[in-house]
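Have a look at this one.
Each reported figure results from applying straightforward, stated rules to the coordinates on display, with no laboratory input. Everything numeric in this text was worked out from a predicted model, so none of it was measured. Here the Cβ positions follow ideal geometry from the backbone for every residue, glycine too, while neighbour counts run over all protein chains shown.
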Amino acid sequence: MGDAPESVALEKQLLEQLGTGRVRTPEELAAFFDGLEILPPGLVPLPLWRPEQAILDASTIDVRFMTGGVGRKP
């Protein structure tokens, strides 16, 4: 997500509501999968991971906020 103004604002809002935490970059998230084979479709925004219906706009901040992936030992 980086330091785009919308990301910073969303992170600030979440911290006010939840107390602690931070938004991780794609590179930081990928590090959790170090040594694992990442299964398709990879490390992507959650709506793109096995969507049940077409995603018309995956560029909005709420759609891009959560990222997921599945990894397994090779």
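Along Cα→Cβ, 7 Å out, is where each label goes; now give me the distance between the ones at Leu15 and Val70 in nm to one decimal.
3.4 nm
Evaluate E = 1/(1 + (r/R0)^6) for Glu6 and Leu36, where r is the Cβ-Cβ distance and R0 equals 30 Å; express this FRET efficiency to the nearest 0.05.
0.50
A further question on this structure: What are the ³J(HN,Hα) couplings of region 20-32, residue after residue, when phi is run through the Karplus curve with 6.51, -1.76, 1.60 and θ = phi - 60°? Round to Hz, x for glycine and proline.
Ordered by residue, 3J(HN,Hα) equals 9, x, 6, 7, 9, 6, x, 5, 5, 5, 4, 4, 5 Hz.
Something else now. Which length gain, in nm to one decimal place, applies between Glu27 and Glu52 when the Cα-Cα distance is subtracted from 0.36 nm times their residue separation?
6.3 nm
Could you list which residues have their amide H under 5 Å from that of Val44, counting only those 5 or more apart in sequence or on another chain, with H placed in the peptide plane?
For Val44, the qualifying residues are Gly68.
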